[in-house]
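What follows is a set of notes on a single structure, which appears directly below.
The numbers here are math on the coordinates, done by the rules we state, and not lab data. Everything numeric in this text was worked out from a predicted model, so none of it was measured. Positions of Cβ are backbone-derived with ideal geometry, glycine not excepted, and every protein chain shown enters the neighbour counts.
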Amino acid sequence: MRGISTSLLAPPLLWMDLSSLSLSPRSEAAFFSSTSAYHDVTSQCGIPNLARRLNAILVEHIRALLPSLRRKIQVNLALQ
């Protein structure tokens with residue numbers, strides 16, 4: 001890759017210990033439920049909640065940009 005140091009890239013998933021991935025949700029839930037700073041927001045914490053929130057943000061962004069993108073496409077098609 002040009003311009004990007006390969007030392008900054010994350011290693012491929014194949015190098016990870018895949019057995020630890022199955023423990024992640026349980027250990028994550030245990031951490032958030034046992035840490036007093038997160039007691040009130042435990043239901044909003046964790047990777048599944050993060051994934052849902054990021055997906056919602058992405059969908060909102062696409063919906064906001066779609067009308068102008070459609071107009072640009074129509075204009076460019078009309079010019080051809």
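Label-to-label distance, ILE73 versus GLU28, with points set 7 angstrom from Cα along the beta-carbon direction: 3.3 nm.
A Cβ-based charge dipole, computed about the Cα centre of region 24-79 with Lys and Arg at +1 and Asp and Glu at -1, lands at about 420 debye.
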